[in-house]
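The values are calculated or read from the model by the stated rules, or taken from the named source; none is laboratory data. Bear in mind that the values here come from a model prediction, so they are computed numbers and not experimental data. Don't worry about glycine lacking a Cβ; one is built from the backbone with ideal geometry, like all the others, and counts go over all protein chains shown.
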Amino acid sequence: MTKKFDQNWDIDAHYDSTELEEHWQLRREFMRVHKDKFPEDYVVALAKTFTNIEFLGCIYPAPVMMRIAELIKEVDMVKKYREQKKTKLQRTFVTASNAAENKFSGKKT
């Protein structure tokens, strides 16, 4: 028997005005999908951990990473976000020495 948790909490109460809209929508959807599986504070923490991994490249202990990897499989928006991200402009980093060399040789990077 699966334990059900209180679902009468407001996901939007966990909105952070400093967060990008795209990041909030993904975190919000993560919480919506998992709202009934864990206590509120745990879902909120998992969602924040997920966004830290997804957007900031944070790394956590293996059990946490595996749990998040399993949970995001149920969030359709993650797959859509990752596909969309592939089509966005990616930064290319060039060393200062290469940039200087290219500038003086007339090459464009």
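Table: residues versus (1) of a type in the set (A, V, I, L, M, F, W, C); (2) part of a loop (DSSP other than H, G, I, E, B); (3) modelled with pLDDT of 85 or more; (4) over 18 Å from the mean Cα position of the chain (by Cα).
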position	(1), (2), (3), (4)
Leu46	yes, no, yes, no
Ser97	no, no, no, yes
Ala100	yes, no, no, yes
Lys108	no, yes, no, yes
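Among the residues of the range 3-18, those that are assigned to a loop (DSSP other than H, G, I, E, B) and in contact (Cβ under 8 Å) with a residue 12 or more places away in the chain comprise Lys4, Phe5, Asp6, Gln7, Trp9, Tyr15. Out of the range 33-54, which residues are surrounded by 15 or more Cβ atoms within 10 Å (Cβ to Cβ) and more than 15 Å from Arg67 (Cβ to Cβ)? Selection gives Lys35, Glu40.
Does Phe30 satisfy the criteria of being surrounded by 12 or more Cβ atoms within 10 Å (Cβ to Cβ) and either in contact with a Gly (Cβ under 9 Å, 6 or more places away or on another chain) or not in a helix (DSSP H, G or I) (or both)? It is false that Phe30 is surrounded by 12 or more Cβ atoms within 10 Å (Cβ to Cβ) and either in contact with a Gly (Cβ under 9 Å, 6 or more places away or on another chain) or not in a helix (DSSP H, G or I) (or both). Only residues that are of a type in the set (S, T, N, Q) and over 26 Å from Gln84 (Cβ atoms) were counted across the range 1-42, and they come to 3. The set of residues in the range 60-89 being modelled with pLDDT under 80, closer than 30 Å to Val44 by Cα and not in a helix (DSSP H, G or I) consists of Lys88 alone.
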